[in-house]
Amino acid sequence: MQRVLRMGIAVNQPEQSLSALKPFMPASDVSLAIRAAFLDLIGDPFYEKEQECVRYIPDGLLIVENGVIQEFGSYEALQSRYGSLPITAYPGKLVLPGLIDTHIHYPQMEMIAAYGEQLLEWLNKYTFPTEAKFKDITYARHMAAQFLDELLKNGTTTALVFAAVFPESVDAFFEEASRRNLRMIAGKVMMDRNAPNYLRDTAEQSYLDTKALIQKWHKRGRLLYAITPRFAVTSSESQLELAGKLRQEFPDVYLHTHLSENVNEVALVAKLFPHRQGYLDVYDQAGLVGERSVFAHGVQLTDAEFQRLSAAKAAIACCPTSNLFLGSGLFKFHCAKSRQHPVKLGLGTDVGGGSSFSLLRTIHEAYLVAQLQGRPLSPFQSLFLATLGGAEALCLTDKLGNFTVGKEADFIVVDPQATPLLRLRNPHVPAASIEHLADQLFAVMTLGDDRVIQATYVAGSLAYQG
């Protein structure tokens, strides 16, 4: 483990407001050198000793070329080779891998913090009328731009995203994500029943639309596609079977849907699919459970369903902020991260059921959920879920999640003293030890929000500056 104390050199940079974000162009071959304190995870602290999983370099140097990490290590070890490069230094700041949101809805941005309902009532009262607006591609582009700017402001560089039922909503989202060169995954909602007529497709039309969108967008630049049935309640058996057919035809795309979020939802699925052995089995029998399958929520999962997800190498996107806001329940982290049947696990903000775009706030809520069950998450476990664990859930560990050479250079600059309260709580930076770092990190996760994000870099280029 590399631990080198240092004093950095400040480099002034012009302020850039959220509204001033410019169209993003792919990185050139010009090298970027960042000097700061760096923290990432190189192993899973749920299963390995934390001191073996945590990589902390108090005075580090990150070298980026063509949007990819070329070198990473202590400044002392690398300065002789890269001393001639202009160095952007962030004294007193902490550089982390870009945060990964494994479940969020971009059409629900404008109805965030809608009052008073649980899941099924909330969908009918707030969500469906809002999503109807996204048939208009001009409107969808406007909202996609605001949505992506908000992600960058909060340090999120990759997300698995629900669009709306309309193909136009997917085109709008991917256009805006492409313009920023973001690593994003999204898909058109498939929904042919138990929804307003103005939001329904048909099993066949959803198959045709999704196939065309996959061929248009999947692996175009840094974009990836997810087959996206909303959830079993709003998809007929025929639609789910055609989603399974798409998964066979395009085995490297994702499957993204909801699973076992709410008690009443689970009961309704049992009524709609009486011949199945449970909620997960509805998807399983349609061929939708496997690698690159990401199931949001999982609050009401049975032990047998956790075991099946583990065996299938599928992933769960845990959304504690949303689960608390909509009264869905407490996710069982200890079941997902059991040693006997481990399940790949990431965190999702689930906007607009979730009430914040900030994965820091989501981490805070995850801590509270686990604490209520007598099994609190450590700061490094929480960071793992939002970075390398999220990359694992999305089968992207070859590209994202930490500062390993060869990975894409998405990272954020965090200020542990961003607010007066944080300055009081974290008086000494950078941290002098792993123990001190854990304490500082926990304070940032508990007290922090978008104000702690000083800069967000996408493929080695500055995409947002606070």
Flag if residue 140 is over 21 Å from residue 288 (Cα atoms), without any contact (Cβ under 8 Å) to a residue 40 or more places away in the chain and not in a loop (DSSP other than H, G, I, E, B) = yes
Failed criterion for residue 376 (all others in (1) touching a helix residue (DSSP H, G or I) at 6+ places or on another chain (Cβ under 7 Å); (2) assigned to a loop (DSSP other than H, G, I, E, B); (3) crowded, with 20+ Cβ neighbours inside 10 Å; (4) not basic (Lys, Arg) hold) = (3)
Touching a residue at least 12 places away in the same chain (Cβ under 8 Å), outside any loop (DSSP other than H, G, I, E, B) and outside the structural domain of residue 48 (by TED's automatic domain parsing), is that true of residue 339?
-> no
Go through the residues of segment 432-446 one by one and say whether even a single one is farther than 14 Å from residue 94 by Cβ, touching a helix residue (DSSP H, G or I) at 6+ places or on another chain (Cβ under 7 Å) and at pLDDT 95 or above.
-> yes
Out of curiosity, is residue 88 at pLDDT 95 or above, assigned to a strand (DSSP E or B) and either among the basic types (Lys, Arg) or in contact with a helix residue (DSSP H, G or I) (Cβ under 8 Å, 6 or more places away or on another chain) (or both)?
-> no
In segment 163-198, which residues are more than 24 Å from the chain's Cα centre (by Cα) and either surrounded by 21 or more Cβ atoms within 10 Å (Cβ to Cβ) or more than 28 Å from residue 122 (Cβ to Cβ) (or both)?
-> 192, 195
If you go through segment 5-49 one residue at a time, how many are within 21 Å of residue 416 (Cα to Cα), at pLDDT below 95 and either surrounded by 15 or more Cβ atoms within 10 Å (Cβ to Cβ) or of a type in the set (Asp, Glu) (or both)?
-> 4
Test for residue 410: is it under 25 Å from residue 35 (Cα atoms) and without any contact (Cβ under 8 Å) to a residue 12 or more places away in the chain | no
Residue satisfying condition, being farther than 20 Å from residue 119 by Cβ, at pLDDT 95 or above, of a type in the set (Asp, Glu) and surrounded by fewer than 17 Cβ atoms within 10 Å (Cβ to Cβ), within set 303, 281 | 303
Output the helices (runs of 4 or more DSSP H) that fall wholly within segment 262-319 and possess 1 or more residues being within 26 Å of residue 362 (Cβ to Cβ) and either touching a Lys or Arg at 6+ places or on another chain (Cβ under 7 Å) or not assigned by TED's automatic domain parsing to the domain that holds residue 367 (or both), or say none.
-> 279-285
Considering segment 126-142, residues that are within 12 Å of residue 175 (Cα to Cα) and either out of contact with any helix residue (DSSP H, G or I) (no Cβ under 9 Å at 6 or more places or on another chain) or not hydroxyl-bearing (Ser, Thr, Tyr) (or both), and then whichever is surrounded by the most Cβ atoms within 10 Å (Cβ to Cβ), we arrive at 140
Please verify whether segment 237-247 includes one or more residues that are polar (S, T, N, Q), under 21 Å from residue 130 (Cα atoms) and out of contact with any Asp or Glu (no Cβ under 7 Å at 6 or more places or on another chain).
-> no
Any residue in segment 97-109 that is surrounded by 18 or more Cβ atoms within 10 Å (Cβ to Cβ), over 30 Å from residue 395 (Cβ atoms) and either of a type in the set (Phe, Trp, Tyr) or in the same structural domain as residue 319 (by TED's automatic domain parsing) (or both)?
-> no
Would you check if residue 76 is surrounded by 17 or more Cβ atoms within 10 Å (Cβ to Cβ) and in contact (Cβ under 8 Å) with a residue 24 or more places away in the chain?
-> no
Report, by residue number, each residue of segment 215-251 that is in contact with a helix residue (DSSP H, G or I) (Cβ under 7 Å, 6 or more places away or on another chain), buried (at least 21 other Cβ atoms within 10 Å of the Cβ) and within 30 Å of residue 460 (Cα to Cα).
-> 217, 225, 227
Residue 150, sole failed condition from (1) farther than 22 Å from residue 251 by Cβ; (2) surrounded by 22 or more Cβ atoms within 10 Å (Cβ to Cβ) | (2)
When every residue in segment 207-237 that is among the polar types (S, T, N, Q) and free of Cβ contacts under 8 Å to residues at least 40 places away in the same chain is compared, the one farthest from residue 259 (Cα to Cα) is 215
Got at least one residue in segment 392-407 being surrounded by fewer than 22 Cβ atoms within 10 Å (Cβ to Cβ) and closer than 17 Å to residue 151 by Cα?
-> no
With respect to residue 397, is the statement that it is in a loop (DSSP other than H, G, I, E, B) and within 21 Å of residue 158 (Cα to Cα) true?
-> yes
Just to be sure, is residue 346 assigned to a loop (DSSP other than H, G, I, E, B), of a type in the set (Gly, Ala, Ser) and modelled with pLDDT of 95 or more?
-> no
Can you name the residue in segment 252-278 that is among the hydrophobic types (A, V, I, L, M, F, W, C) and in contact with a Leu (Cβ under 8 Å, 6 or more places away or on another chain) and is also surrounded by the most Cβ atoms within 10 Å (Cβ to Cβ) among such residues?
-> 259
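The values are calculated or read from the model by the stated rules, or taken from the named source; none is laboratory data. Since we're looking at a predicted model, the values are computed, not measured. All Cβ positions, even for glycine, are placed from backbone atoms using ideal geometry, and neighbour counts span all protein chains on display.
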